[in-house]
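Trainee: Sending over a structure as C-alpha coordinates; questions will come in a sec.
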Amino acid sequence: MLGSLSYGQTILDGAYIKEHVRTKKVVPYPPVREADVLWSKRIWRTIDLRQKINIPLYYPITPLKGRLSLFDVIKQSIMVDGSLTAYSPGPTFQDDEFTTPLSPEEIKGVFITIDTSFTEDIDTGDFVEVIQEVELESSSITQYNIKEVWYFDKQTSTIQVRIIGVAPMKEYYSEEGLFMGYQPIFWLYYPECRYVFVNYESFNPQNDAQRISYDDLFSKRIFDSYIIKEENVYDRPINNYAQGIDALLESERIKKEIFNWEHDLWSY
(Lines give C-alpha, C1' and ligand atoms only; values in the text may rest on other atoms or scores of the structure.)
Protein backbone atom coordinates (compact mmCIF):
# COMPACT_ATOMS: atom_id res chain seq x y z
CA MET A 1 0.00 0.00 0.00
CA LEU A 2 2.80 2.40 0.76
CA GLY A 3 3.87 2.01 -2.84
CA SER A 4 0.84 4.09 -3.80
CA LEU A 5 2.17 7.09 -1.90
CA SER A 6 4.00 9.86 -3.72
CA TYR A 7 7.78 9.61 -4.10
CA GLY A 8 9.61 10.26 -0.85
CA GLN A 9 6.43 10.19 1.28
CA THR A 10 6.44 7.58 4.06
CA ILE A 11 3.71 9.00 6.33
CA LEU A 12 0.18 7.70 5.86
CA ASP A 13 -2.38 9.87 7.64
CA GLY A 14 -4.83 7.04 8.30
CA ALA A 15 -5.12 3.27 8.21
CA TYR A 16 -5.34 3.00 4.42
CA ILE A 17 -5.03 5.08 1.26
CA LYS A 18 -8.32 6.62 0.16
CA GLU A 19 -8.77 5.96 -3.55
CA HIS A 20 -12.46 5.23 -3.96
CA VAL A 21 -13.81 8.75 -4.63
CA ARG A 22 -10.83 10.10 -6.55
CA THR A 23 -11.01 7.23 -9.06
CA LYS A 24 -14.79 7.17 -9.48
CA LYS A 25 -16.35 7.62 -12.89
CA VAL A 26 -19.61 9.38 -13.69
CA VAL A 27 -22.61 7.08 -14.01
CA PRO A 28 -24.30 8.25 -17.23
CA TYR A 29 -27.95 9.20 -17.22
CA PRO A 30 -30.29 6.71 -18.93
CA PRO A 31 -31.41 7.95 -22.34
CA VAL A 32 -34.79 9.68 -22.51
CA ARG A 33 -36.87 10.18 -25.64
CA GLU A 34 -39.26 13.09 -25.94
CA ALA A 35 -42.01 10.62 -26.93
CA ASP A 36 -41.62 8.87 -23.56
CA VAL A 37 -42.06 12.03 -21.46
CA LEU A 38 -45.77 12.43 -20.65
CA TRP A 39 -45.35 15.29 -18.16
CA SER A 40 -42.59 17.66 -17.06
CA LYS A 41 -42.10 20.70 -14.86
CA ARG A 42 -39.10 23.02 -14.57
CA ILE A 43 -38.23 24.06 -11.02
CA TRP A 44 -35.75 26.44 -9.39
CA ARG A 45 -34.62 25.81 -5.80
CA THR A 46 -32.46 27.45 -3.15
CA ILE A 47 -30.11 25.38 -0.99
CA ASP A 48 -29.39 27.27 2.23
CA LEU A 49 -26.06 26.11 3.65
CA ARG A 50 -27.10 27.23 7.13
CA GLN A 51 -29.43 24.24 7.29
CA LYS A 52 -27.87 21.37 9.25
CA ILE A 53 -28.20 18.78 6.49
CA ASN A 54 -26.45 21.14 4.04
CA ILE A 55 -23.36 21.73 6.21
CA PRO A 56 -21.23 19.20 4.21
CA LEU A 57 -21.56 21.58 1.24
CA TYR A 58 -20.23 24.54 3.26
CA TYR A 59 -17.33 23.08 5.23
CA PRO A 60 -14.36 23.01 5.40
CA ILE A 61 -14.00 26.78 5.09
CA THR A 62 -10.22 26.32 5.00
CA PRO A 63 -9.18 23.58 2.55
CA LEU A 64 -8.01 20.36 4.22
CA LYS A 65 -5.83 17.61 2.84
CA GLY A 66 -8.08 15.57 0.59
CA ARG A 67 -11.26 17.58 1.24
CA LEU A 68 -12.59 20.89 -0.08
CA SER A 69 -15.86 22.73 0.31
CA LEU A 70 -18.10 22.75 -2.76
CA PHE A 71 -17.22 26.35 -3.58
CA ASP A 72 -13.49 25.68 -3.32
CA VAL A 73 -13.96 22.76 -5.72
CA ILE A 74 -15.76 25.09 -8.14
CA LYS A 75 -13.17 27.87 -7.76
CA GLN A 76 -10.25 25.52 -8.33
CA SER A 77 -11.93 23.92 -11.34
CA ILE A 78 -12.54 27.31 -12.96
CA MET A 79 -9.44 29.28 -11.97
CA VAL A 80 -6.75 26.57 -11.92
CA ASP A 81 -7.87 23.52 -13.89
CA GLY A 82 -10.12 25.21 -16.44
CA SER A 83 -12.37 22.15 -16.35
CA LEU A 84 -15.59 24.09 -15.73
CA THR A 85 -17.19 26.91 -17.72
CA ALA A 86 -18.85 29.75 -15.82
CA TYR A 87 -21.82 31.46 -17.49
CA SER A 88 -22.89 35.03 -16.89
CA PRO A 89 -26.18 35.61 -15.00
CA GLY A 90 -26.69 38.75 -17.09
CA PRO A 91 -26.93 42.41 -16.07
CA THR A 92 -30.14 41.74 -14.11
CA PHE A 93 -28.91 38.39 -12.67
CA GLN A 94 -31.87 36.62 -14.33
CA ASP A 95 -30.10 34.80 -17.18
CA ASP A 96 -29.91 31.10 -16.29
CA GLU A 97 -29.85 29.66 -19.80
CA PHE A 98 -26.05 29.32 -20.16
CA THR A 99 -25.89 31.73 -23.09
CA THR A 100 -22.79 33.81 -22.29
CA PRO A 101 -19.57 32.21 -20.99
CA LEU A 102 -17.51 34.51 -18.81
CA SER A 103 -14.18 35.68 -20.22
CA PRO A 104 -10.96 35.14 -18.23
CA GLU A 105 -11.02 38.82 -17.20
CA GLU A 106 -14.63 38.56 -16.03
CA ILE A 107 -13.86 35.38 -14.10
CA LYS A 108 -10.97 37.10 -12.35
CA GLY A 109 -13.30 39.99 -11.50
CA VAL A 110 -15.72 37.55 -9.87
CA PHE A 111 -13.17 35.84 -7.64
CA ILE A 112 -10.85 38.80 -6.99
CA THR A 113 -12.07 42.32 -6.22
CA ILE A 114 -10.06 45.48 -5.70
CA ASP A 115 -10.43 47.12 -2.30
CA THR A 116 -9.34 50.73 -1.88
CA SER A 117 -8.73 52.21 1.55
CA PHE A 118 -6.84 55.13 3.06
CA THR A 119 -4.32 54.84 5.86
CA GLU A 120 -2.23 57.41 7.67
CA ASP A 121 1.46 57.65 6.79
CA ILE A 122 3.38 57.44 10.07
CA ASP A 123 6.12 59.72 8.70
CA THR A 124 4.14 62.54 7.09
CA GLY A 125 0.75 62.19 8.77
CA ASP A 126 -0.95 62.30 5.36
CA PHE A 127 -3.56 59.77 4.30
CA VAL A 128 -2.33 57.59 1.45
CA GLU A 129 -4.35 55.33 -0.79
CA VAL A 130 -3.86 51.58 -0.29
CA ILE A 131 -5.08 49.21 -3.00
CA GLN A 132 -5.23 45.48 -2.36
CA GLU A 133 -6.80 42.44 -3.99
CA VAL A 134 -9.48 40.65 -2.01
CA GLU A 135 -10.19 37.03 -2.96
CA LEU A 136 -13.73 35.67 -2.71
CA GLU A 137 -13.66 33.16 0.12
CA SER A 138 -15.69 30.00 0.50
CA SER A 139 -17.24 31.34 3.72
CA SER A 140 -18.96 34.11 1.72
CA ILE A 141 -21.09 31.61 -0.24
CA THR A 142 -24.01 30.55 1.98
CA GLN A 143 -26.57 29.65 -0.68
CA TYR A 144 -26.80 27.84 -4.01
CA ASN A 145 -29.56 28.00 -6.55
CA ILE A 146 -30.26 24.95 -8.67
CA LYS A 147 -32.31 24.62 -11.81
CA GLU A 148 -33.88 21.23 -12.46
CA VAL A 149 -36.46 19.41 -14.55
CA TRP A 150 -38.92 16.89 -13.16
CA TYR A 151 -40.52 14.54 -15.69
CA PHE A 152 -42.55 11.33 -15.93
CA ASP A 153 -40.97 8.60 -18.04
CA LYS A 154 -43.58 6.18 -19.32
CA GLN A 155 -40.94 3.55 -20.13
CA THR A 156 -40.06 3.16 -16.46
CA SER A 157 -43.35 4.54 -15.07
CA THR A 158 -41.42 6.76 -12.67
CA ILE A 159 -40.94 10.42 -11.89
CA GLN A 160 -37.33 11.42 -12.57
CA VAL A 161 -35.37 14.60 -11.94
CA ARG A 162 -32.38 16.07 -13.73
CA ILE A 163 -30.39 19.00 -12.34
CA ILE A 164 -29.58 21.39 -15.19
CA GLY A 165 -27.63 24.17 -13.50
CA VAL A 166 -26.00 25.27 -10.24
CA ALA A 167 -25.34 28.87 -9.18
CA PRO A 168 -23.34 30.02 -6.12
CA MET A 169 -25.19 32.89 -4.42
CA LYS A 170 -23.44 35.87 -2.85
CA GLU A 171 -24.80 38.38 -0.35
CA TYR A 172 -25.11 41.92 -1.68
CA TYR A 173 -25.14 45.09 0.38
CA SER A 174 -25.94 48.72 -0.39
CA GLU A 175 -23.39 51.52 -0.02
CA GLU A 176 -24.89 52.16 3.41
CA GLY A 177 -24.22 48.55 4.42
CA LEU A 178 -27.84 47.38 4.22
CA PHE A 179 -28.42 43.76 3.19
CA MET A 180 -30.02 43.72 -0.29
CA GLY A 181 -30.42 39.97 -0.76
CA TYR A 182 -28.63 37.26 -2.73
CA GLN A 183 -27.52 37.29 -6.36
CA PRO A 184 -25.90 34.51 -8.44
CA ILE A 185 -22.24 35.19 -9.26
CA PHE A 186 -22.40 32.81 -12.25
CA TRP A 187 -24.18 29.68 -13.47
CA LEU A 188 -22.61 26.27 -14.05
CA TYR A 189 -23.98 23.61 -16.40
CA TYR A 190 -24.49 20.66 -14.06
CA PRO A 191 -23.95 17.79 -16.57
CA GLU A 192 -20.46 19.27 -17.03
CA CYS A 193 -20.00 19.68 -13.26
CA ARG A 194 -20.64 15.98 -12.67
CA TYR A 195 -17.25 15.03 -14.14
CA VAL A 196 -15.59 17.28 -11.55
CA PHE A 197 -17.84 16.71 -8.53
CA VAL A 198 -17.58 12.92 -8.81
CA ASN A 199 -13.89 13.00 -7.74
CA TYR A 200 -14.26 15.25 -4.67
CA GLU A 201 -15.58 13.76 -1.47
CA SER A 202 -18.21 15.23 0.82
CA PHE A 203 -18.12 14.59 4.56
CA ASN A 204 -20.31 11.78 5.86
CA PRO A 205 -21.15 12.42 9.54
CA GLN A 206 -22.33 8.83 9.99
CA ASN A 207 -19.33 6.92 8.65
CA ASP A 208 -15.93 8.32 7.77
CA ALA A 209 -15.10 5.20 5.75
CA GLN A 210 -18.08 5.70 3.45
CA ARG A 211 -17.74 9.26 2.25
CA ILE A 212 -19.61 10.13 -0.90
CA SER A 213 -18.75 12.46 -3.74
CA TYR A 214 -20.48 15.78 -4.37
CA ASP A 215 -22.07 14.20 -7.44
CA ASP A 216 -23.56 11.47 -5.22
CA LEU A 217 -24.81 14.12 -2.81
CA PHE A 218 -26.77 15.87 -5.56
CA SER A 219 -27.85 12.71 -7.39
CA LYS A 220 -29.17 11.09 -4.20
CA ARG A 221 -30.81 14.37 -3.09
CA ILE A 222 -28.95 14.50 0.24
CA PHE A 223 -29.73 18.17 0.78
CA ASP A 224 -32.53 20.40 1.96
CA SER A 225 -33.99 23.10 -0.26
CA TYR A 226 -37.07 25.15 -0.95
CA ILE A 227 -38.67 26.04 -4.27
CA ILE A 228 -38.31 29.65 -5.39
CA LYS A 229 -39.85 29.37 -8.86
CA GLU A 230 -41.73 27.04 -11.16
CA GLU A 231 -41.93 27.56 -14.90
CA ASN A 232 -44.90 29.80 -15.62
CA VAL A 233 -46.34 31.97 -18.37
CA TYR A 234 -45.17 35.16 -16.61
CA ASP A 235 -41.65 33.81 -15.96
CA ARG A 236 -41.82 35.23 -12.44
CA PRO A 237 -40.41 33.80 -9.19
CA ILE A 238 -42.55 33.16 -6.14
CA ASN A 239 -41.34 36.27 -4.30
CA ASN A 240 -42.89 38.44 -7.03
CA TYR A 241 -46.40 37.52 -5.88
CA ALA A 242 -45.97 36.08 -2.37
CA GLN A 243 -43.91 37.15 0.63
CA GLY A 244 -42.94 35.67 3.98
CA ILE A 245 -44.99 32.70 5.12
CA ASP A 246 -47.11 32.89 1.96
CA ALA A 247 -44.00 32.28 -0.14
CA LEU A 248 -43.12 29.21 1.93
CA LEU A 249 -46.66 27.89 1.61
CA GLU A 250 -46.55 28.40 -2.15
CA SER A 251 -43.24 26.52 -2.27
CA GLU A 252 -44.80 23.61 -0.37
CA ARG A 253 -47.85 23.69 -2.67
CA ILE A 254 -45.64 23.22 -5.75
CA LYS A 255 -43.67 20.46 -4.01
CA LYS A 256 -46.90 18.66 -3.04
CA GLU A 257 -48.27 19.05 -6.56
CA ILE A 258 -45.29 17.12 -7.98
CA PHE A 259 -45.71 14.40 -5.33
CA ASN A 260 -49.44 14.09 -5.95
CA TRP A 261 -48.97 13.86 -9.72
CA GLU A 262 -46.99 10.64 -9.31
CA HIS A 263 -49.10 9.34 -6.42
CA ASP A 264 -52.39 9.76 -8.32
CA LEU A 265 -51.19 7.60 -11.19
CA TRP A 266 -51.70 4.46 -9.13
CA SER A 267 -54.67 2.80 -7.50
CA TYR A 268 -54.33 0.97 -4.18
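The values are calculated or read from the model by the stated rules, or taken from the named source; none is laboratory data. Bear in mind that the values here come from a model prediction, so they are computed numbers and not experimental data. Note: ideal-geometry Cβ built from the backbone for every residue, glycine included; neighbour counts use all protein chains shown. These area figures cover heavy atoms from the full protein model, side chains too; ligands, DNA and RNA do not enter into them. Shrake-Rupley method; radii C 1.70, N 1.55, O 1.52, S 1.80 Å.
Trainee: Which cross-chain or sequence-distant (5 or more) residues have an amide H under 5 Å from the amide H of residue 212, H modelled 1.01 Å from N in plane?
Mentor: Sorted by chain and number, the residues that satisfy this are 202, 204.
Trainee: Over its Cα atoms, what ratio of radius of gyration to 2.2 N^0.38 Å does segment 1-109 give?
Mentor: Values: Rg = 19.7 Å, N = 109, 2.2 N^0.38 = 13.1 Å.
This ratio for segment 1-109 stands at 1.50.
Trainee: Just to check I understand the Karplus step: with θ = phi - 60° and J = 6.51 cos²θ - 1.76 cosθ + 1.60, what whole-Hz values come out for segment 163-174, glycine and proline as x?
Mentor: For segment 163-174, the Karplus-derived couplings read 7, 9, x, 10, 9, x, 10, 10, 6, 10, 10, 6 Hz, x marking Gly and Pro.
Trainee: 5 Å is the cut-off here: which amide hydrogens, built 1.01 Å from N in the peptide plane, fall below it relative to residue 229, excluding neighbours closer than 5 in sequence?
Mentor: 44, 238
Trainee: Quick one: plug the Kirkwood hydrodynamic radius of segment 190-231 (C-alpha pairs) into Stokes-Einstein at 25 °C, 0.890 mPa s, and report D in µm²/s. Numbers along the way, then the final one.
Mentor: Working: Rh = 11.6 Å.
It comes out at roughly 211 µm²/s.
Trainee: Where Rh is the Kirkwood radius over the Cα pairs of segment 123-227, the temperature 4 °C and the viscosity 1.567 mPa s, what D in µm²/s does Stokes-Einstein return? Could you put the intermediate results ahead of the total?
Mentor: Details: Rh = 17.5 Å.
D, rounded to a whole number, is 74 µm²/s.
Trainee: Tell me the relative contact order for the chain as a rounded percent, counting alpha carbon contacts under 8 Å between residues six or more apart.
Mentor: Details: 400 pairs, mean separation 61.7, N = 268.
After rounding, I find 23 percent.
Trainee: Quick check for you: with a 1.4 Å probe and neighbouring chains kept, what is the accessible area per residue of segment 83-181, in Å²? Each step should come with its number before you reach the end.
Mentor: Working: 5880 Å² over 99 residues.
Roughly 59 Å² per residue, with all protein chains present.
Trainee: Between 199, 239, 145, where does the largest GNM mean-square fluctuation fall for the chain, given springs only between Cα atoms within less than 10 Å?
Mentor: In this elastic network of the chain, the residue with the biggest mean-square fluctuation among 199, 239, 145 is 239.
Trainee: Per residue, how large is the accessible surface of segment 9-80? Use a 1.4 angstrom probe and give square angstrom.
Mentor: On the way: 4670 Å² over 72 residues.
Computed with neighbouring chains in place, this is 65 Å² per residue.
Trainee: A further question follows. Which trypsin sites (Lys or Arg not before Pro) in segment 167-257 sit in a loop by DSSP (not H, G, I, E or B) and have at most 16 other Cβ atoms within 10 Å of their own Cβ?
Mentor: Working: sites: 170, 194, 211, 220, 221, 229, 253, 255, 256; in loops: 211, 220, 221.
The qualifying sites are 220, 221.
Trainee: Here is a follow-up. For the chain, what value does the Rg/Rh ratio take when both radii are computed over Cα atoms and Rh is the Kirkwood radius, given to two decimals? The partial results should precede the final answer.
Mentor: On the way: Rg = 22.1 Å, Rh = 21.4 Å.
Rounded to two decimals, Rg over Rh is 1.03.
Trainee: Quick one: which of 18/229; 154/256; 108/256; 18/108 span more than 31 angstrom between C-alpha atoms?
Mentor: With Cα atoms farther than 31 Å apart: 18/229; 108/256; 18/108.
Trainee: Residue 49's amide H: which non-local residues (gap 5+, or another chain) put their own amide H closer than 5 Å, with H modeled 1.01 Å from N in plane and none for Pro or chain starts?
Mentor: HN-HN under 5 Å from residue 49: 143, 144.
Trainee: Could you give P(r) for segment 23-168, binned at 5 Å from zero, as whole percent values over all Cα-Cα pairs?
Mentor: That works out to 2, 7, 12, 15, 16, 14, 12, 8, 6, 3, 2, 1, 1, 1, 1, 0, in percent per bin.
Trainee: While we're here: What translational diffusion coefficient, in µm²/s and rounded to a whole number, does the Stokes-Einstein relation yield for segment 222-268 at 25 °C and a viscosity of 0.890 mPa s, taking the hydrodynamic radius as the Kirkwood radius over Cα pairs? The partial results should precede the final answer.
Mentor: On the way: Rh = 12.0 Å.
Rounded to a whole number, D works out at 204 µm²/s.
Trainee: Suppose only helical runs count, i.e. DSSP H with n ≥ 4. What mean residue ellipticity at 222 nm does that imply for the chain under -39500 (n - 2.57) per run, divided by all residues and rounded to the nearest 500 deg cm²/dmol? If you can, show how the numbers build up before the last one.
Mentor: On the way: 6 runs with 52 residues, N = 268.
-5500 deg cm²/dmol, from helical runs alone.
Trainee: Please sort by residue number the GluC sites (Glu not before Pro) in segment 101-194 whose DSSP state is loop and whose Cβ has at most 11 other Cβ atoms within 10 Å.
Mentor: On the way: sites: 105, 106, 120, 129, 133, 135, 137, 148, 171, 175, 176, 192; in loops: 137, 175, 176.
Counting only loop positions with at most 11 other Cβ atoms within 10 Å, the GluC sites (Glu not before Pro) in segment 101-194 are 175, 176.
Trainee: Over segment 57-134, consider all pairs of different Cα atoms and compute the Kirkwood hydrodynamic radius from their mean reciprocal separation; express it in Å, one decimal. Provide the component values of the computation, followed by the final result.
Mentor: Details: mean 1/r = 0.0641 Å⁻¹.
For segment 57-134, inverting the mean 1/r across all distinct Cα pairs yields 15.6 Å.
Trainee: To the nearest 20 Debye, how big is the dipole of the chain about its Cα centre, given +1 on the beta carbon of each Lys and Arg and -1 on that of each Asp and Glu?
Mentor: Details: 27 positive and 41 negative charges, 360 e Å.
About 1720 debye.
Trainee: Something else about it: Please report, as a whole percent, how much of the solvent-accessible surface of segment 87-159 comes from carbon and sulfur atoms (probe radius 1.4 Å).
Mentor: 50 percent
Trainee: Please identify the trypsin sites (Lys or Arg not before Pro) of segment 126-162 that satisfy two criteria: DSSP loop assignment and at most 14 other Cβ atoms within 10 Å. Which are they? Kindly include the intermediate steps, with their values, before the conclusion.
Mentor: Numbers: sites: 147, 154, 162; in loops: 154.
Sites meeting the loop and neighbour criteria: 154.
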